[in-house]
1. Please list 3J(HN,Hα) in residue order for the range B:120-125, calculated via the Karplus relation 6.51 cos²θ - 1.76 cosθ + 1.60 where θ = phi - 60°; whole Hz, with x for glycine and proline.
2. Of the trypsin sites (Lys or Arg not before Pro) in the range A:123-192, which ones lie in a loop per DSSP and count no more than 16 other C-beta atoms within 10 Å?
3. How many nm separate the modelled label positions at B:Asp96 and A:Lys26, each set 7 Å beyond the Cα in the direction of the Cβ?
4. In debye to the nearest 20, how big a dipole does chain B give about its Cα centre with +1 on each Lys and Arg Cβ and -1 on each Asp and Glu Cβ?
5. Quote the FRET efficiency, to the nearest 0.05, computed for B:Thr158 versus A:Ala192 with a Förster distance R0 of 25 Å and r equal to the Cβ-Cβ distance.
6. Show me the GluC sites (Glu not before Pro) within the range A:117-191 that DSSP assigns to loop and that have at most 10 other Cβ atoms within 10 Å of their Cβ.
7. Place +1 on the Cβ of every Lys and Arg and -1 on the Cβ of every Asp and Glu in the protein assembly as shown, take the dipole about the Cα centre, and give the residue among B:Pro146, B:Phe76, B:Ala129 whose Cα lies farthest towards its positive end.
8. With +1 on each Lys and Arg Cβ and -1 on each Asp and Glu Cβ, how big is the dipole of the range A:39-151 about its Cα centre, in debye rounded to the nearest 20?
Amino acid sequence: MSATAELVAEHGYRDTTIEMIVRNAKVGYATFYRNYPDKEKCFLALLEVATERTARLVKAAYDAEDGPWTDKVAAALDVLLGEAVAHPAAARAFLVEALTAGPEAVERHETALQRFAPLLRPGRELCSRDVELPETLENTLVGGVFWLVNLRLLAGEASEIHALLPEVLEFVFRSYVGEDEAAREARELAAAHVG
Amino acid sequence: MADDDLGPLPPGRHGFTREQVAHHQRERLIAGLASAVTERGYDAVTLGDITKAAQVSRRVFYEHFKSKEECFLAAFEVVLDHVRRLVAEAVEPIPDWPHRVLAGTRAVLSFFASEPDLACLCLVESRGAPPEVSARFGEAVAELVPLLAKGRAERDGTRPLPDSTEESVIGALVSLAYQKVTASEAEQLDDLLPDFTEFILSPYVGADEASRLAHSTA
């Protein structure tokens, strides 16, 4: 799987051919077609596996953290950003190139990102301001985090992604606990999760 | 520039009617591409779809464009130019930054809400299209960064905002607009205006002021 992700990351989804995939994976065409009717289905299967794995790791880190919500989010984002650094080709293939792999890949990509939104929802309980936070807030924040990650991937700066942790935390916390508290918590928690 | 201007476009779910598209062949091809792509998606669209929608021949297509991609890029540029002009007109008379943000955001959201096909083209299809197009999308979005960064002058505190503030705010809103459009709710984009503007203004003028401005009827 990681070999195919490498190909897609390097050549882009469109220019990656089945020939390249089978040659890389050292299997025959028959094996490929036994498992997948076409390139798109192959990519979707890989996207599913990669997404499941990352979501599981992130959720596990969130759940394992005993502290308050802010600590849990920091643990989750630490793992998420860490995954992108550890597996930049997969991150590139499944975050960036997935958008060019057909409408189903695009839809699955969006759904995958939004799996992280429920992790942010408990932040609402910390909001002391007497305002109604928009229903779309968590989805919006998740979108912003992944956009930042994508920008670094596109710029070939995958190694910088974990360094985003304090800024990402501040961005996420701000809507719930206000700017000053967000900055303080972000700084403390990011220091505790130095890569 | 006037030759490439699509001009004010009527609202419509199914693309452009013949009478309302400018006579100029290039404009008709661009309009044809826009409606064909939003109907079928960029990958599935054929030259035949485009030329049929534009009511021109394949020969005429090739007089103007080398490929589907080139035509898409041209369509994207035309719409972007139009949006830039709308925003410039909306903010020009306004002196203060927060109200410029309100006016500019309203102009963009209203435009895309009234042109769901173009919203789809710009916000959805352009992200999945060939690398040159998605790169152009990234560049267009990046144009917003310095406009937002002006808001840093509004802050009176001593602590500077993180460097990635503009990118994360813009990225979040691009994602939100994308979700709306892919849910076939482009016409409701302007309903998002208060949430959008509150989110944009918050880091620069503070949460309370951002909320007040976003929900004011000014």
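Every number here is computed from the coordinates shown, using simple stated rules; none is lab data. Given the structure is predicted, the values throughout are model-derived calculations rather than measurements. Every residue, glycine among them, receives a Cβ derived from its backbone with ideal geometry; neighbour counts consider all protein chains shown.
1. Going residue by residue, I get 5, 4, 7, 9, 10, 4 Hz, with x marking Gly and Pro.
2. Qualifying residues, ordered by number: A:Arg129.
3. Going from the B:Asp96 label point to the A:Lys26 one covers 6.9 nm.
4. 440 debye
5. Computed FRET efficiency for B:Thr158 and A:Ala192 comes out at 0.50.
6. A:Glu132, A:Glu135
7. Of the listed residues, the answer is B:Ala129.
8. Here the range A:39-151 has a charge dipole of around 320 debye.
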